[in-house]
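The values are calculated or read from the model by the stated rules, or taken from the named source; none is laboratory data. Quantities reported herein were computed from a predicted structural model and do not represent experimental measurements. Because the Cβ atoms are built from the backbone with ideal geometry, glycine has one as well, and the counts that use them run over all protein chains shown.
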Amino acid sequence: MHRKMTDRGSISVEAVLLTPVLVVLVLFVVHVGRLGSAHTRLVAAADHSARAASLVQPRAMHYAARTVALDNLLQNGLSCESVRVEVDVVQGVDPIIVQVSVECILDRSGLSFLSPVPRVLKATSSEVVDRWRVDS
């Protein structure tokens with residue numbers, strides 16, 4: 001008695017071959033989601049920093065922007081390896097505008113093999129300087 005050749009065991013082989021591909025695909029989706037979420041949080045930090053800088057005197061703008069940016073990133077749970085805050089005051093126009101750029105080197109713990117180079121995110125926000133602020 002001869003048995004027909006069948007595809008016995010082919011499901012096991014397919015599962016062994018496809019499982020790593022599916023795992024990498026899921027990790028890639030998680031990585032992209034984390035980047036999108038991180039960028040949204042960074043934009044919020046830049047917005048809040050620009051608003052804080054627009055409410056204080058020019059000599060205190062950088063300190064206010066940096067303090068608010070770091071607090072905002074900490075409250076929103078965005079962990080950065082390093083944060084850089086730049087404040088630029090555009091005075092040649094009326095009204096005066098303050099522009100704040102927040103740059104974050106993202107902490108890649110857990111997913112570093114998907115992005116071997118450090119991921120740098122940057123967000124910029126502008127606010128009109130409040131001319132009616134209390135200058136004391």
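Structure above, values below:
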item: Residue identified as over 24 Å from Val128 (Cβ atoms) and in contact with a Lys or Arg (Cβ under 9 Å, 6 or more places away or on another chain) among Gly77, Gly36; result: Gly77
item: Test: Ser12 is assigned to a strand (DSSP E or B) and either exposed (fewer than 13 other Cβ atoms within 10 Å of the Cβ) or modelled with pLDDT of 90 or more (or both); result: no
item: Extreme residue, surrounded by the fewest Cβ atoms within 10 Å (Cβ to Cβ), among residues of the range 90-108 that are aliphatic (A, V, I, L, M) and closer than 16 Å to Arg41 by Cβ; result: Ile105
item: Answer from His31, His48 - the residue that is surrounded by 14 or more Cβ atoms within 10 Å (Cβ to Cβ) and either of a type in the set (Phe, Trp, Tyr) or modelled with pLDDT under 90 (or both); result: His31
item: The range 57-89, residues that are over 26 Å from Arg119 (Cα atoms), exposed (fewer than 13 other Cβ atoms within 10 Å of the Cβ) and free of Cβ contacts under 8 Å to residues at least 40 places away in the same chain; result: Arg59
item: Looking only at the range 116-131, and only at residues there that are of a type outside the set (Val, Ile, Thr) and closer than 14 Å to Arg51 by Cβ, the one that is modelled with the lowest pLDDT; result: Asp130
item: Set Arg59, Arg34: member being under 23 Å from Val120 (Cα atoms) and charged (D, E, K, R); result: Arg34
item: Gly36 being on the phi > 0 side of the Ramachandran plot and within 13 Å of the chain's Cα centre (by Cα); result: no
